[in-house]
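Beneath this line is the structure, given in structure tokens, with notes to follow.
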Amino acid sequence: FYTVVSVGSRHEFEPGKSGFAHFFEHCMFRGTKRFPPQKWEAVMKAAGAANNAYTSDDLTVYHATFDKAGLESIIDLEADRFQNLEYSENAFRTEALAVNGEYNKNSTEPANQLEEKLRDTAFDRHTYKHTTMGFLADIKDMPNQYEYSKQFFNRFYRPENVTWLIVGDVDQKQVRALVEK
């Protein structure tokens, strides 16, 4: 089960606002009223699911592998978190600081430092100028951007920007019915 969102770091065109595509890769695991993180994890575990996510320049992908018996539950979870994601300002700040920590950890790798310098040099105006992580100054300021995070989510995490790819021993009509539901 792949959820492909048409938002990556190239969509971060506003000055001072890079890193939000990657931030939401993390934040989407924060839960909703109906499925807070512990309940979300319990449903995934009951389905035998292995799940993760990644962000690139062009898109963000959430993926899970599980037995087809868990399909309805997983579709329900995905639909709920895309429609009802909920995070407090404190949770936002905590996750933004975690992203900063990830940046710091990754920046110790010489290859990552080289990519960051290369992009900054190669691109003058294109949003590929910054890596998927974003510019360091923007990441450091991210904990102060709670209201902007809501705007970013509402702009990109919309049905017209999302594609579900469901592959396996499933019946197409049943899957369509579950997705429509």
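In summary, ASP58 fulfils each of the numbered conditions (1) within 30 Å of TYR128 (Cβ to Cβ); (2) open to solvent by less than 60 Å² (accessible area, probe 1.4 Å); (3) among the acidic types (Asp, Glu) with the single exception of condition (2). All told, ALA21 meets the bar of being at pLDDT 95 or above and either part of a helix (DSSP H, G or I) or open to solvent by less than 40 Å² (accessible area, probe 1.4 Å) (or both). What's the number of the only condition in (1) surrounded by 15 or more Cβ atoms within 10 Å (Cβ to Cβ); (2) within 28 Å of PRO143 (Cβ to Cβ); (3) among the aromatic types (Phe, Trp, Tyr); (4) touching an Asp or Glu at 6+ places or on another chain (Cβ under 8 Å) that PHE82 fails to meet? It fails just one condition, (4). Could you tell me whether any residue of region 30-40 is assigned to a loop (DSSP other than H, G, I, E, B), touching a strand residue (DSSP E or B) at 6+ places or on another chain (Cβ under 6 Å), at pLDDT 95 or above and closer than 22 Å to LEU71 by Cβ? Scanning region 30-40, I find no residue that is assigned to a loop (DSSP other than H, G, I, E, B), touching a strand residue (DSSP E or B) at 6+ places or on another chain (Cβ under 6 Å), at pLDDT 95 or above and closer than 22 Å to LEU71 by Cβ, so the answer is no.
State all residues of region 52-109 that are of a type in the set (Val, Ile, Thr), free of Cβ contacts under 8 Å to residues at least 40 places away in the same chain and not in a loop (DSSP other than H, G, I, E, B); if no residue qualifies, say none. Let's see the steps before the verdict.
Narrowing region 52-109 to residues of a type in the set (Val, Ile, Thr): 55, 60-61, 65, 74-75, 94, 99, 108.
So of that shortlist, the ones also free of Cβ contacts under 8 Å to residues at least 40 places away in the same chain come out as 94, 108.
Answer for region 52-109, where residues must be of a type in the set (Val, Ile, Thr), free of Cβ contacts under 8 Å to residues at least 40 places away in the same chain and not in a loop (DSSP other than H, G, I, E, B): just THR94.
Being more than 30 Å from ASP80 (Cβ to Cβ) and among the charged types (D, E, K, R) is the filter here; which residues of region 107-159 pass it?
Correct list: GLU109, GLU115, GLU116, LYS117, ARG119, ASP120, ASP124, ARG125, LYS129, LYS140, ASP141.
Only a single criterion out of (1) modelled with pLDDT of 95 or more; (2) more than 25 Å from PHE153 (Cβ to Cβ) is not satisfied by LEU114, namely (1).
Only one entry in THR94, THR32, THR65 is over 24 Å from SER149 (Cα atoms) and of a type in the set (S, T, N, Q), namely THR65.
Candidates are the residues of region 110-128 that are in a helix (DSSP H, G or I) and among the hydrophobic types (A, V, I, L, M, F, W, C); the one that is surrounded by the fewest Cβ atoms within 10 Å (Cβ to Cβ) is ALA111.
The values are calculated or read from the model by the stated rules, or taken from the named source; none is laboratory data. Please read all numbers here as calculations on a predicted model, not as lab measurements. All Cβ positions, even for glycine, are placed from backbone atoms using ideal geometry, and neighbour counts span all protein chains on display. When the accessible area is computed, the model is the full protein with side chains, heavy atoms only, and any ligands, DNA or RNA have been set aside. Shrake-Rupley method; radii C 1.70, N 1.55, O 1.52, S 1.80 Å.
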